[in-house]
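Student: Structure below; questions to follow.
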Amino acid sequence: MPESDLAWLLAAFALVTIMFPGLAFYYGGLLGKNNVLNMIMMVLSSLAIAAILYVLYGHGMVSGSSIAGLGLVGNPLEFIGLNGLEVDDTSGGAQSIYWVAFFILFAAITIAIVASGAAGRMKFGAWIVFSAIWLTLVYFPIAHWVFTFSNEETGYVGGWLRNVVELHDFAGGTAVHMTAGVGALALALVLGKSRTPQAKPHNLPMVILGAGLLWVGWFGFNGGSAAGSNFLAQYVIMTTLLAGCAGTVGYLIVEKIRDGQPTTLGLATGTIAGLVGITPSADAVNPLGALVVGLASGAVVCWAITWKQKLGFDDTLDAFAVHGIGGIVGTLCVVLIGSATAPAGVTGVLFGGDWSILWRELTAIAATCLYAFVVTYLIAWVMNKISRIRVDEETEYRGLDLSLHSESAYTDSE
């Protein structure tokens, strides 16, 4: 790997790590002040758990050759303990030590988003166990489906969505965002509604700071997925910027029409929605298309957030709407407005492209969402049957910060 490429990828890695305190601040600020530290701990512990599991067996499940050639999951024993990857791999391929580290961050941010479905209601010990099982049974297999390419020369068999269905997903609209959004919904359904009245965000400046850090990290997330210091990296950084800005506008327009006034929270949520939407399509749309992706994602997510009141589920931090629905919108934009002039060279059906792309993307959306929802629900349901995973009523009313961690984010005077 040229030194210029490695330098950019290491910088991108550093940018992605910023997403963890960013998400912790974003989610923490959205909650009441008695649960903020618990949410920060859930988000940041996700990185620790994902790193340990990925080194032990996760890399084999994600990037290893598919068991029995089925494309469903890689061999967990192939790179156990990262055996064989200690050498200096100058090729920059999927088995270089850099990509192992990068994929750890992908796994960690995905389970960290799922934490939103448990906001203010789940025992911390139960969260640790749940997240470890969830990564093993949900994220690692789906990441294999989406991120692992086959190699006919070596007989290496990758994931079925990427190699058989030929899904186009630049940086994880399916494996990261849909999986996390649907997983958060399933976990929230098992835990049930909050016993306490829905607290307003206790610190909106904290939310804005978190959203800003996430946006910075997103440039590394998408830019690093370009695999080098090249034109593709430049291109997806531009489309990421445009979609984030347009997502803000799309959300605020719908919010103004629906509620009569735009809000700071709406601004932050719309930005994140636009960034989610561009993740699968960053290399497939032109600059005007990136604006459309952002506008559509922001607008649709603003509408989708109202579903929880109508349908009666308690997705407290709206991960299902922002990441699940936002990821679907971005993936469908590849189908509709993919541009032949963009680096991916995918022509959307509105520009005369082959309609076969529609079934490919719809198959990926359906398979990812169905598998993630069902398996997440079963994991949480079984754990709850073995030992109740939700905190008791007194703990919930008191707040998880003091009850579970003997800490408070603020002094009484504040």
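Student: Identify, from the list L23, L6, L44, the residue that is within 25 Å of A226 (Cβ to Cβ) and within 16 Å of the chain's Cα centre (by Cα).
Tutor: When all the criteria are applied, what remains is L23.
Student: Another question, then. Going residue by residue through the range 363-383, is there one that turns out to be within 30 Å of Q234 (Cα to Cα), aliphatic (A, V, I, L, M) and under 20 Å from the mean Cα position of the chain (by Cα)?
Tutor: There is at least one residue in the range 363-383 that is within 30 Å of Q234 (Cα to Cα), aliphatic (A, V, I, L, M) and under 20 Å from the mean Cα position of the chain (by Cα).
Every residue, every condition in (1) surrounded by 16 or more Cβ atoms within 10 Å (Cβ to Cβ); (2) β-branched (V, I, T); (3) touching a strand residue (DSSP E or B) at 6+ places or on another chain (Cβ under 8 Å), yes or no:
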residue	(1), (2), (3)
A367	yes, no, no
Y371	yes, no, no
V374	no, yes, no
L378	no, no, no
Y397	no, no, no
L400	yes, no, no
S403	yes, no, no
S406	no, no, no
Y410	no, no, no
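Student: Residues in the range 188-198: is at least one within 30 Å of A342 (Cα to Cα), surrounded by 21 or more Cβ atoms within 10 Å (Cβ to Cβ) and within 21 Å of the chain's Cα centre (by Cα)?
Tutor: No, the range 188-198 has no match at all.
Student: Do the conditions hold for A304, that is, is it among the small types (G, A, S), free of Cβ contacts under 8 Å to residues at least 24 places away in the same chain and under 23 Å from A186 (Cα atoms)?
Tutor: It is true that A304 is among the small types (G, A, S), free of Cβ contacts under 8 Å to residues at least 24 places away in the same chain and under 23 Å from A186 (Cα atoms).
The rows are residues; the columns are (1) crowded, with 24+ Cβ neighbours inside 10 Å; (2) modelled with pLDDT of 95 or more; (3) assigned to a helix (DSSP H, G or I); (4) in contact with a helix residue (DSSP H, G or I) (Cβ under 6 Å, 6 or more places away or on another chain).
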position	(1), (2), (3), (4)
M1	no, no, no, no
L6	no, no, yes, no
A12	yes, yes, yes, yes
F25	yes, yes, yes, yes
N34	no, no, no, yes
M39	yes, yes, yes, yes
M42	yes, yes, yes, yes
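Student: While we're on this one: Only one residue in G29, G71, G60, G81 is small (G, A, S) and in a loop (DSSP other than H, G, I, E, B). Which one? Reasoning before the result, please.
Tutor: Working: G29 fails: in a loop (DSSP other than H, G, I, E, B); G60 fails: in a loop (DSSP other than H, G, I, E, B); G81 fails: in a loop (DSSP other than H, G, I, E, B).
Exactly one of G29, G71, G60, G81 is small (G, A, S) and in a loop (DSSP other than H, G, I, E, B), namely G71.
Student: With the requirement that a residue be of a type in the set (A, V, I, L, M) and under 15 Å from T331 (Cα atoms), what does the range 141-179 give you?
Tutor: V146, L161, V165, L167, A171, A175, V176, M178
Student: Which one of V301, V285 is over 21 Å from F106 (Cβ atoms), surrounded by 18 or more Cβ atoms within 10 Å (Cβ to Cβ) and within 16 Å of the chain's Cα centre (by Cα)?
Tutor: V301
Student: Let me spell it out: the conditions are (1) at pLDDT 95 or above; (2) surrounded by fewer than 16 Cβ atoms within 10 Å (Cβ to Cβ), and V329 meets all of them except one. Which number is the exception?
Tutor: If we test V329 against (1) at pLDDT 95 or above; (2) surrounded by fewer than 16 Cβ atoms within 10 Å (Cβ to Cβ), just (2) comes out false.
Student: Run down A101, A119, A108 and say which single residue is surrounded by fewer than 18 Cβ atoms within 10 Å (Cβ to Cβ) and of a type outside the set (F, W, Y).
Tutor: On the way: A119 fails: surrounded by fewer than 18 Cβ atoms within 10 Å (Cβ to Cβ); A108 fails: surrounded by fewer than 18 Cβ atoms within 10 Å (Cβ to Cβ).
A101 is the lone residue from the list that is surrounded by fewer than 18 Cβ atoms within 10 Å (Cβ to Cβ) and of a type outside the set (F, W, Y).
Student: Looking for whichever is part of a helix (DSSP H, G or I) and within 20 Å of V236 (Cβ to Cβ) here; the options are H177, H144, H168. Which one fits?
Tutor: H177
Student: Output the residue which, of all residues in the range 229-244 that are assigned to a helix (DSSP H, G or I), touching a Phe, Trp or Tyr at 6+ places or on another chain (Cβ under 8 Å) and not hydrophobic (A, V, I, L, M, F, W, C), is nearest to L37 (Cα to Cα).
Tutor: In this case the residue turns out to be G244.
Student: With respect to the numbered conditions (1) free of Cβ contacts under 8 Å to residues at least 24 places away in the same chain; (2) buried (at least 18 other Cβ atoms within 10 Å of the Cβ), which one is the sole condition not fulfilled by D315?
Tutor: (1) is the only condition that D315 fails.
Student: When only residues in the range 232-273 that are among the small types (G, A, S) and without any contact (Cβ under 8 Å) to a residue 40 or more places away in the chain count, which is surrounded by the most Cβ atoms within 10 Å (Cβ to Cβ)?
Tutor: G270
Student: Next question, about the same structure. Given the criteria modelled with pLDDT of 95 or more, surrounded by 21 or more Cβ atoms within 10 Å (Cβ to Cβ) and farther than 22 Å from T179 by Cβ, does G348 qualify?
Tutor: Details: modelled with pLDDT of 95 or more: yes; surrounded by 21 or more Cβ atoms within 10 Å (Cβ to Cβ): yes; farther than 22 Å from T179 by Cβ: yes.
When the stated conditions are applied, G348 passes them.
Student: Something else now. With the condition being of a type in the set (V, I, T) and within 30 Å of N163 (Cα to Cα), I'd like the helices (runs of 4 or more DSSP H) fully within the range 310-414 carrying at least 2 qualifying residues.
Tutor: 326-337, 356-386
Student: While we're here: Mind telling me which of the residues P280, P262, P201 ends up being over 13 Å from the mean Cα position of the chain (by Cα) and farther than 20 Å from M39 by Cβ?
Tutor: The conditions single out P262.
Student: For the range 194-228, name all the residues that are polar (S, T, N, Q), closer than 26 Å to L291 by Cβ and assigned to a loop (DSSP other than H, G, I, E, B). Quick ask: steps written out before the conclusion?
Tutor: So the first thing to find is which residues in the range 194-228 are polar (S, T, N, Q), and the list is 194, 196, 198, 203, 222, 225.
Next, from what is left, pick out any that are closer than 26 Å to L291 by Cβ: 222, 225.
S225, the sole residue that qualifies.
The values are calculated or read from the model by the stated rules, or taken from the named source; none is laboratory data. Nothing here was measured: the structure is a model prediction, and the numbers come from that model. Note: ideal-geometry Cβ built from the backbone for every residue, glycine included; neighbour counts use all protein chains shown.
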